[in-house]
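Remarks on the structure that follows.
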Amino acid sequence: QVQLVESGGGLVQSGGSLRLSCAASGRTFSNYYMGWFRQAPGKEREFVSAISWSGANTYYADSVKGRFTISRDNAKSTVYLQMNSLKAEDTAVYYCAADMARSPVISGTPRYWGQGTQVTVSS
């Protein structure tokens, strides 16, 4: 069992920045492919970004490419999402997710999910 706890959400003005963190516990963190997803009100949850076990490979949704950066610190069992140039349409609950395999994270069906953290961008 893996427990994921997100933090770092909040209210920010358009053009601002936030850094989300997701602390993992329960299993060897470096064995897990990690991802970030988000769900805006009235919309389905969508993929934002993913990072491979060692951090060597990263993936981004087109909507955030060039603005968001995913990273991980395996020594701290934590994955981060640095969000810059935030827009009103980035407003959503952001979820951290984990799976031992790559495919479930990329496809949006990872085994483990965090509880989510709210990000609100005011225009």
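The values are calculated or read from the model by the stated rules, or taken from the named source; none is laboratory data. What you see is a predicted model, and the numbers here were worked out from it, not measured in a lab. Every residue, glycine as well, gets a Cβ built from its backbone with ideal geometry; the counts of neighbours run over all protein chains shown. For accessibility, only protein heavy atoms count, side chains too; no ligands or nucleic acids. Shrake-Rupley method; radii C 1.70, N 1.55, O 1.52, S 1.80 Å.
Round to a whole angstrom and tell me the spacing of the C-alpha centers of segment 75-123 and segment 36-57. About 5 Å separates the Cα centre of segment 75-123 from the one of segment 36-57. Pairs of C-alpha atoms in segment 2-95 farther apart than 15 Å represent 58 percent of all such pairs.
For the chain, the dipole from Cβ point charges (+1 on Lys and Arg, -1 on Asp and Glu) about the Cα centre works out to 160 debye, to the nearest 20. Ignoring ligands, DNA and RNA, what percent of the accessible area of the chain is carbon or sulfur (1.4 Å)? Whole-percent figure for carbon plus sulfur exposure: 46. 3J(HN,Hα) along segment 98-113: 8, 7, 6, 10, 6, 4, x, 5, 5, 8, x, 10, x, 6, 10, 10 Hz, from the Karplus curve 6.51 cos²θ - 1.76 cosθ + 1.60 with θ = phi - 60°, whole Hz, x for Gly and Pro. Positive end of the dipole of the chain (Cβ unit charges, origin at the Cα centre): among 96, 58, 107, the Cα lying farthest that way belongs to 58. The residues of segment 10-63 expose on average 53 square angstrom of accessible surface per residue, using a 1.4 Å probe on protein heavy atoms. For residue 102 and residue 67, a Förster radius of 22 Å and the Cβ-Cβ distance give a FRET efficiency of 0.40, rounded to the nearest 0.05.
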